[in-house]
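The next block holds one structure in the form of structure tokens; read it before the comments.
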Amino acid sequence: MKRIFDPALLDFYLQKYEIPSLFNTPDLAFSLYQFEKGERLDILNPEEYLSFLVNGSIEISANRADGTSYPIGYLDSFTCIGDMEFCGKRDDTHQIEARTTALCIVLPLGTAKEFLLDDNRFLRYLLTSVTEKLMLYSSSQSNFSTLEEAFLSYLSKRCPDQTFSGVEKMAMQLHCSRRQLQRVLKKLLEEERLTKLSKGSYRLR
């Protein structure tokens, strides 16, 4: 992560996405930051900063109870980071990572937050932004606390004859690694809840 000291580039993105028009509060101290692929964007504490993705792509992911992670969604268009935290929702089980080099316009909250809490234009935008995040979360696999639950649900409801072939393909569907899925398969085989038909092919008992 590094700050980009380029007033012209900062102004370009401020005007392109009409960011100042999201606020009634004047004289906000915006700055421009660059994140490299694989870097966590939430290294800037979302409780202390609002960030606006203006270029690049990010991934929002979460952890299951069994320690595996899964992507909630991929975003490659203008979006706000820190909106849910501004509303008081802090969840350390979620991560935000750059999938490509990403540029964000950043607003440190500090003393500005007390003004933003009375900024009706910003609060209306915040409502829209948070609603979009909630829709993104609801369409993910967040209702499964473990990879095993997600796998069994997918196998029983979406696979013909409750059978599948191809561990790699199934791992992609469940947004997990091949190794993570193989551990689940081994456990279910040992518990006799799954039958191995051939190499890479399984059926639910």
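Around ARG203, under 11 Å between beta carbons, what's the net of Lys plus Arg minus Asp minus Glu among the other residues?
Summing Lys and Arg as +1 and Asp and Glu as -1 gives +2.
Quick one: Karplus J couplings for region 107-112, per residue in order, coefficients 6.51, -1.76, 1.60, θ = phi - 60°, nearest Hz, x for Gly and Pro?
With the stated coefficients, region 107-112 comes to 10, x, 6, x, 6, 5 Hz.
Taking the mean number of other Cβ atoms within 10 Å as a proxy for protection, how do you rank 48-56, 4-12, 99-107 from highest to lowest?
48-56, 99-107, 4-12
Could you compute how fast region 147-204 diffuses translationally, taking Rh as the Kirkwood radius over C-alpha pairs and applying Stokes-Einstein at 20 °C with viscosity 1.002 mPa s? Give it in µm² per second.
In µm²/s, the coefficient rounds to 193.
Report the full-extension gain for the segment SER21 to PHE78: residue separation times 0.36 nm, less the Cα-Cα distance, to one decimal in nm.
Result for the pair: 19.1 nm of gain on full extension.
Return P(r) of region 2-138 (all Cα-Cα pairs; 5 Å bins starting at 0; whole %; ordered from short to long distances).
2, 10, 20, 24, 22, 14, 6, 2, 1, 0
For region 60-65, what does the Karplus curve 6.51 cos²θ - 1.76 cosθ + 1.60, with θ = phi - 60°, yield as ³J(HN,Hα) per residue in whole Hz, taken in order and with x for Gly and Pro?
With the stated coefficients, region 60-65 comes to 9, 10, 9, 9, 7, 5 Hz.
Taking the Cβ of ARG99 as the centre, find all other residues whose Cβ is under 15 Å away and add up their charges (Lys, Arg: +1; Asp, Glu: -1).
-4
Can you list the aspartates and glutamates whose alpha carbon sits under 15 Å from that of LYS37, skipping same-chain ones fewer than 8 residues off?
GLU59, ASP76, GLU97
Rounded to whole Å, give me the distance from the Cα center of region 151-205 to that of region 48-109.
30 Å
Here is the link list: LYS113/LYS133; LYS89/LYS187; LYS157/LYS187; LYS133/LYS186. Which ones come out longer than 27 Å on Cα distance?
As for pairs spanning more than 27 Å Cα to Cα, those are LYS89/LYS187; LYS133/LYS186.
What net charge is computed for the residues neighbouring PHE23, neighbours being all others with C-beta under 13 Å from the C-beta of PHE23, Lys and Arg scored +1, Asp and Glu -1?
The answer is -1.
How about region 156-194: which GluC sites (Glu not before Pro) there are in a DSSP loop, with at most 11 other Cβ atoms within 10 Å of their Cβ?
In loop regions of region 156-194 (DSSP not H, G, I, E or B), the sparsely surrounded GluC sites (Glu not before Pro) are GLU191, GLU192.
Put a dot 7 Å past each Cα toward the Cβ at ARG158 and ARG183; how far apart are the dots in nm?
2.2 nm
Each value in this text was obtained by applying a stated rule to the coordinates, not by laboratory testing. As the structure is a computational prediction, the values presented were derived from the model and not from experiment. Every residue, glycine among them, receives a Cβ derived from its backbone with ideal geometry; neighbour counts consider all protein chains shown.
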